[in-house]
1. Specify the angular offset, from 0 to 90 degrees and rounded to the nearest 10, of the alpha carbon long axis of helix 5-19 from the longest principal axis of the alpha carbons in the chain.
2. How many angstrom separate the Cα center of region 83-121 from the Cα center of region 1-67?
3. Averaged per residue, what accessible surface does region 1-102 expose to a 1.4 Å probe, in Å²?
4. Would you mind working out the magnitude of the charge dipole of region 1-88 relative to its Cα centre, with +1 at each Lys and Arg C-beta and -1 at each Asp and Glu C-beta, to the nearest 20 Debye?
5. Can you give the longest run of the chain that contains no GluC sites (Glu not before Pro) sitting in a DSSP loop with at most 16 other Cβ atoms inside 10 Å?
6. Tell me which trypsin sites (Lys or Arg not before Pro) from region 74-113 have a DSSP coil assignment and no more than 15 other beta carbons within 10 Å of their own.
7. For the chain, with the dipole built from +1 on Lys and Arg beta-carbon atoms and -1 on Asp and Glu ones, taken about the Cα centre, which of PHE110, ILE65, HIS18 lies farthest toward the positive end?
8. May I ask for the Kirkwood hydrodynamic radius of the chain, worked out over all distinct Cα pairs and given in angstroms to one decimal?
Amino acid sequence: MNKSKGTIESEISKALTHWEKDYLGRGSLIVKSDILRDMIIVTLRGILTPAEYSLCKEKEGLLSIKRIRTSLVESGIEHLKEIILNITGEEVVSFHTDLSTRTGERIIVFRMSSDLSRKFS
């Protein structure tokens, strides 16, 4: 791999932003990707709409938003895995995500088939 760690992280952030806009209809305000050992950790900020924040004031609305948003992201997991494979050349072994309805932030963790950080040592 001839690209730097920072270049790969930047490409992942840009690709996930485009995926969000194309697949979900709107993107986050800030996206930051970090490669750590065999993981790619992506933080997406500003993903909830004002209406979703309003719904999150009550427990039922909060749970509904988390469930729907998680289902939407997970329905596109195969495309996300393909994006990561194309950028890194490594397969995604597992995928984990959670959403904070308080901060409007989503964390995505891609667990990779090998230690990506060793490629940049």
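The values are calculated or read from the model by the stated rules, or taken from the named source; none is laboratory data. Predicted model only: the values in this text are computed from it and were never measured. Counting neighbours? That spans all protein chains shown, and the Cβs are built from the backbone with ideal geometry, glycine included. These accessible areas exclude ligands, DNA and RNA; they are computed on the full protein's heavy atoms, side chains included. Shrake-Rupley method; radii C 1.70, N 1.55, O 1.52, S 1.80 Å.
1. On a 0 to 90 degree scale, this one is about 40.
2. 11
3. Averaged over the residues of region 1-102, the accessible area is 60 Å².
4. That gives region 1-88 a dipole magnitude of about 240 debye.
5. Longest run free of exposed loop sites: 1-57.
6. ARG102
7. ILE65
8. 14.9
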